1. Among residues other than V36 whose Cβ falls under 13 Å from its Cβ, what is the net charge (Lys/Arg +1, Asp/Glu -1)?
2. Looking only at E82, E14, E31, which one moves most when the chain is put into a Gaussian network model with springs between Cα atoms under 10 Å?
3. Just R115, R85, R126 to compare: in a GNM of the chain, with alpha carbon springs under 10 Å, which one fluctuates most?
4. What length, rounded to one decimal in nm, is gained on full extension from T141 through to D123, with 0.36 nm per residue of separation minus their alpha-carbon distance?
5. If you find the alpha carbon centre of the range 96-120 and of the range 1-43, how far apart are they in angstrom?
6. Can you list the lysines whose alpha carbon is less than 16 Å from that of K142, not counting same-chain residues fewer than 8 positions off?
7. Any chance you could run the full-extension gain for S133 through T40? It's 0.36 nm times the residue separation minus the Cα-Cα distance, nm to one decimal.
8. Counting only C-alpha contacts under 8 Å and six or more residues apart, can you give the relative contact order of the chain as a whole percent?
Amino acid sequence: MQTLYETQRLKITEATPSDIPYIMDLERQPENRDYVFQGTYEDHLQEINSPEKLLALVTPKTGNLPKGFFIAVLDPDSHVLELKRIVIETKNQGFGREVILGLMAYAFTTLDINRLWLDVFTDNPRGIHLYESLGMVSEGTKRQAYLAPSGEYKSQIIYSLLREEFH
């Protein structure tokens, strides 16, 4: 399990196949499932084995039990990193902010990317507030771009941050 980066309280490591059941459980928890896609075991195994994809585990520096995960996809030709999914188990403790700030630093320095982007469902005010408070710029809305299992069409806002905007 290779450490990718560390923050003040957290260690971010590459996930292993033994982490997949935890990741799948977290994606499917009631407080998360309406805001993130749910991958299969095979999806997550492919993410672990792909050089362009990063499935990372979030663990406190002082413990061994994970606090969450994220999935990112690198486009090395365009110097772009997409944050596809982030789920933090313990809400309202600042872990999500800490993970993303660390990811920004890692992406712009270690990975040498120029653009970090993500999308967020318009009915996710916690995510929208976080991304805007981190200085990410709204690029527009993909209207009714996803058909949720409930049968509802959901819209997604695209947010990004360029290297020159990162402080």
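1. -2
2. Fluctuation is largest for E31.
3. R126
4. Difference between extended and current length: 5.3 nm.
5. For the range 96-120 versus the range 1-43, the Cα centre distance is 17 Å.
6. K84, K154
7. Result: 30.3 nm gained on full extension.
8. Relative contact order for the chain comes out at 16 percent.
Values in this text are rule-based calculations from the coordinates and carry no lab data. Owing to the predicted nature of the structure, the values given are computational and were not obtained by experimental measurement. All Cβ positions, glycine included, derive from the backbone under ideal geometry; neighbour counts span all protein chains shown.
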